[in-house]
Amino acid sequence: MNLPNMLEAKKRSKNDVKYIYDDIKKSNSFKGLKYYIKTYGCQMNVHDSEEIKSLLENIGYEETNVMESADLIILNTCAIRENAHDKVFGFLGRCKHLKKENNNLIIALCGCMAQEEIVVNEILEHHKYIDIVFGTHNINEFPKMLLNKTKNLNINVFSKEGDVIEIGNHYIRDSKYTAWVNIMYGCDKFCTYCIVPYTRGKQRSRKSSDILNEINDLIKNGYKEVTLLGQNVNAYGKDLSGEMDFSSLLMEVAKTDIERIRFVTSHPWDFTDKMIDIIAKYKNIMPYIHLPIQSGSNRILKLMGRRYTKEEYITLFNKIKSKIDNVSITTDIIVGFPNETEEDFLETLDVVNTCKFDGAFTFIYSKREGTPAARMEDKVSKEEKEKRLQQLNELVNKYSLENNQKYLNKIVKVLLLGISEKDNNKLYGYTDTMKLVNVTCDKKLVGQIVDVEITDAKSFSLDGKMIENN
Ligand code: 5AD
Ligand code: SF4
């Protein structure tokens, strides 16, 4: 058994990262068996699940959407906030029940929660019906763990980040048109509230040649859009001895034939002028930037270890707005960081009033064991934090709606991705600027980029009808 250790996870070794080119081996070992996978959290986790699916299908498993009929249930978990933890343990209760009916059912837990010491201790004490636990650094070992499975709980979680495992284009992707492409793993920023640098380890950039090969392969397979993924995409390359920085990588990707390029998440600290110029220059780099601010109070930003002031953020924001045509900018905001005062909070509202974001993901601070903020005194009540969140959301939604209303009667390009959840007679897709649009059009057009006239605007989506080009 390898158990996680947060102190070990915090260390940053100077050793060079190894790049391992893994040939995925095919076998029929589990032919006829079905797996069900439940994914929590960010795009990184969603993409990890695409890798897990590929690993499982290569050893004979088939996916099912009906949990009750599965022989293997995998929970790919998120550790960013406490509520994600509660959801997972709630779900595990249902799995335990299923296991009583089906003795052969295998339950596996992976992802960021598996990297947390307290979670693994909780599993060892109260959830021994789980069969396999593996971490974010050794996903590739999952098939081996299934093949060697014994009756006992098998925990194999590394605290030290692993090598970069290259599996080429071997993912079972959720979409045939838009693809996640990892450009880096881990994070070295250590914002004081955040558990990611511990669960995902040291920053390791993929080689640009491997990234470009994957993208060229996606283009050959008909993909229209790629989203470059990383916890901190614009720190890309800082760990590669000067090979390439993020703006150069963006430019190389822009020179391929891919029609749309997106990237998440950018840190204001690493956002260079060169990056802005390249986004402005290449038409296949989408004018959409997710730029978390976290707080509008300089005192709180300092305590968070964010490395910029409110004024520096606003200067960067204005520079991006003035240089990139029609750009949309969204953000992340945390309220109720330990001992956030009313004045601190009002400063956050003030920044929202200045920037008028296209959208914002807002959160109440959640204490994460092992992070520096978890040791900070906090006298602000839960009720007060909830009140602040509500007040913030009202303001954020007001600006989302105002920004969306600017699209009314305009014609925009939309990549159609599938049947709309709101209305089965429509397709849904996204504008260049990442606005969700429900489109009245022929359903055969899924996968195409089409011109759409916007007919209605709400806070979180637009409605539109396709314009026939002749
Ligand atoms: N509590 C609340 N929100 C958090 N985030 C990260 N850590 C925490 C935490 N401990 C938020 C940040 C980040 C987003 C992905 O999640 O806003 O940008
Ligand atoms: Fe967490 Fe900060 Fe890294 Fe983002 S940049 S993953 S908030 S430590």
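The values are calculated or read from the model by the stated rules, or taken from the named source; none is laboratory data. No experiment lies behind these values; they were computed from the predicted model shown. Note that each Cβ is placed from the backbone with ideal geometry, even for glycine, and that neighbours are counted across all protein chains shown. In case anyone asks, the SASA skips ligands and DNA or RNA and just uses the protein heavy atoms, side chains included. Shrake-Rupley method; radii C 1.70, N 1.55, O 1.52, S 1.80 Å.
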Point to revise | Among (1) outside any helix (DSSP H, G or I); (2) touching a Phe, Trp or Tyr at 6+ places or on another chain (Cβ under 8 Å) - the single one I24 does not satisfy | key: (2)
Check your understanding: How about the range 151-267: which helices (runs of 4 or more DSSP H) wholly inside it have at least 2 residues that are open to solvent by 10 Å² or more (accessible area, probe 1.4 Å), of a type outside the set (A, V, I, L, M) and more than 16 Å from ligand 2 (Cβ to nearest atom)?
Key -> 208-220, 246-254
Point to revise | Every residue from the range 49-87 that is within 16 Å of ligand 1 (Cβ to nearest atom) and in a helix (DSSP H, G or I) | key: E82, N83, A84, H85, D86, K87
Review point. Has the range 385-397 got any residue that is within 15 Å of ligand 2 (Cβ to nearest atom), outside any strand (DSSP E or B) and within 20 Å of I300 (Cα to Cα)?
Key: no
**Study point:** Selection count, the range 276-298, where residues are away from ligand 2 (no atom under 16 Å from the Cβ) and not small (G, A, S)
**Key:** 13
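Of all residues in the range 273-288 being out of contact with any helix residue (DSSP H, G or I) (no Cβ under 6 Å at 6 or more places or on another chain) and under 30 Å from T192 (Cβ atoms), which is most open to solvent (accessible area, probe 1.4 Å)? Quick ask: steps written out before the conclusion?
Residues of the range 273-288 out of contact with any helix residue (DSSP H, G or I) (no Cβ under 6 Å at 6 or more places or on another chain): 273, 277, 279, 281, 283, 286-288.
From what's left, under 30 Å from T192 (Cβ atoms): 273, 279, 288.
Values: D273: 75, I279: 5, Y288: 29 Å².
That would be D273.
With the structure loaded, tell me whether D350 is out of contact with any Phe, Trp or Tyr (no Cβ under 9 Å at 6 or more places or on another chain), exposed (fewer than 15 other Cβ atoms within 10 Å of the Cβ) and not assigned by TED's automatic domain parsing to the domain that holds P287 or whether it fails that test.
Numbers: out of contact with any Phe, Trp or Tyr (no Cβ under 9 Å at 6 or more places or on another chain): yes; exposed (fewer than 15 other Cβ atoms within 10 Å of the Cβ): yes; not assigned by TED's automatic domain parsing to the domain that holds P287: no.
Here the answer is no, as D350 does not meet what is asked.
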Check your understanding: Given the conditions (1) under 19 Å from the mean Cα position of the chain (by Cα); (2) in contact (Cβ under 8 Å) with a residue 60 or more places away in the chain; (3) on the phi > 0 side of the Ramachandran plot, which single one is not true for G186?
Key -> (2)
